[in-house]
Amino acid sequence: MPTKLYEGKAKILYTTDDPAVLLSCFKDDATAFNAQKRGTITGKGAINCTITAALLAYLADQGIPTHYLETVSPTEMRVRAVQIIPLEVVVRNVVAGSLARETGLPVGQVLSRPLVEFYYKNDDLGDPLLTGDRLQLMELATPEQVSTIQHYALQINQHLTAFFNRCGITLVDFKLEFGLDAQNQIRLADEISPDTCRLWDQGESDPERRVLDKDRFRHDLGQVEAAYETIRERVLKAVTSGAAV
Ligand code: ADP
Ligand code: MG
């Protein structure tokens, strides 16, 4: 019988008959600012499940090992069970969010090359930014694993940037989680969705109207569901038109 393994902020993980496989169920719950702000985005679970499935399948086609197996309902997918490495791997192409706040660089400045950052995935500590030395000190991953993750993160960024460009969307930044599978191989896990990416509509220059991601919820910009729906439509269109391959 499936049992609830873990309930997070956005998903519930259930065990399955196969110990190597988990069921990931996407919720409508939304949180921001380390769960200080809570709400519901109606339909988000189904939208994020669809977007994550499409993007992970696309990345798998490009040779990136992922945890995705198959979608089994509008809000549920079967994934390979992995031991999550407690790092939030953030890739940035354009200045936004904490990078703007903490460096003074202007929001919207295009970076000359992508920035890969590691944050400690720990809600109690507020997911702090790690230095390379702290990463080594904490032994959250071996140096070899860190370099593999960095390599995958940059490859994923190239593939996703190209994909979203075909959707008329700028991939500003995004967060990834990786885990170790039963063979101790590193796999991309978790989700890729408007909850975990900053996505700007290339057809809009207005800094509020262009936002098609969770920043609409974070900063009470309204039209949250519509933005998520726009991303789903454009992602699915890019997949079905074959533009993604
Ligand atoms: P959180 O509140 O920690 O962000 P989520 O609700 O987003 O949690 O997701 C639930 C949990 O599932 C997260 O801790 C995430 O790291 C974990 N997870 C994602 N994919 C897998 C997987 N394939 N195997 C095991 N755990 C996973
Ligand atoms: Mg999460």
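Taken over the stretch 104-218, the convex hull of the Cα atoms encloses 144 Å³ per residue. Maximal additional length on extending the Thr3-His151 stretch stands at 49.8 nm, based on 0.36 nm per residue less the C-alpha distance.
Against the empirical 2.2 N^0.38 Å (N residues), the stretch 12-113 has a Cα radius of gyration ratio of 1.31. Specify whether the C-alpha gyration tensor of the stretch 1-55 places it in the rounded, prolate or oblate class, a ≥ b ≥ c being the square roots of the eigenvalues: rounded for a/c under 1.5, otherwise prolate if a/b is larger than b/c and oblate if not. Here the stretch 1-55 falls in the oblate category. Computed over the stretch 135-198, the range of Cα coordinates on each principal axis works out to 40, 25, 20 Å, biggest value leading. Rounded to the nearest Hz, the phi-derived 3J(HN,Hα) couplings of the stretch 18-23 under the Karplus curve 6.51 cos²θ - 1.76 cosθ + 1.60 (θ = phi - 60°) are 9, x, 8, 10, 10, 9, where x marks glycine and proline. Averaging Cα coordinates gives a centre for the stretch 144-192 and one for the stretch 201-245; these two points are 19 Å apart.
Remark: the stretch 70-136 projects, on average over all directions, an area of 7.3 nm² (convex hull of Cα atoms).
3J(HN,Hα) along the stretch 32-37, derived from phi through the Karplus expression 6.51 cos²θ - 1.76 cosθ + 1.60 where θ = phi - 60°, amounts to 8, 6, 6, 6, 6, 10 Hz, with x in place of Gly and Pro. Take the Cα of Thr15, go 7 Å toward its beta carbon, and the backbone nitrogen atoms of the stretch 169-208 under 17 Å from that spot belong to 182. Taking Lys and Arg as +1 and Asp and Glu as -1, the other residues whose beta-carbon sits under 12 Å from that of Met77 total -1. Modelled label positions at Leu125 and Thr40, each set 7 Å beyond Cα in the direction of Cβ, lie 3.5 nm from each other. Annotation: amide H of Asp28 within the under-5 Å range of Gly45, sequence separation 5 or more or interchain, hydrogens built in the peptide plane. Among the GluC sites (Glu not before Pro) in the stretch 183-245, those located in a DSSP loop and surrounded by at most 15 other Cβ atoms within 10 Å of their own Cβ are Glu204, Glu208.
Within the listed set Leu115, Leu13, Leu171, the residue fluctuating most in the Gaussian network model of the chain (springs between alpha-carbon atoms under 10 angstrom) is Leu115.
GNM on the chain, alpha-carbon springs under 10 angstrom: the most fluctuating residue among Leu130, Leu212, Leu99 is Leu99. For the stretch 198-245, the Stokes-Einstein estimate of translational diffusion at 4 °C and a viscosity of 1.567 mPa s comes to 114 µm²/s, using the Kirkwood hydrodynamic radius over alpha-carbon pairs.
According to the calculation over all Cα-Cα pairs in the stretch 165-245, the P(r) per 10 Å bin from zero is 17, 42, 27, 11, 2 %.
Phi-derived couplings, Karplus 6.51 cos²θ - 1.76 cosθ + 1.60 at θ = phi - 60°, listed residue by residue for the stretch 103-120: 10, x, 5, x, 4, x, 5, 7, 6, 5, 8, x, 9, 10, 10, 10, 10, 6 Hz, with x used for Gly and Pro. Using alpha carbons only, the radius of gyration of the chain set against its Kirkwood radius gives Rg/Rh = 0.93.
Read the figures in this text as sums done on the coordinates, not as results from a lab. This one's a predicted model, so the numbers in the text were calculated from it and none came from an experiment. We place every Cβ from the backbone using ideal geometry, glycine too, and count neighbours over all the protein chains shown.
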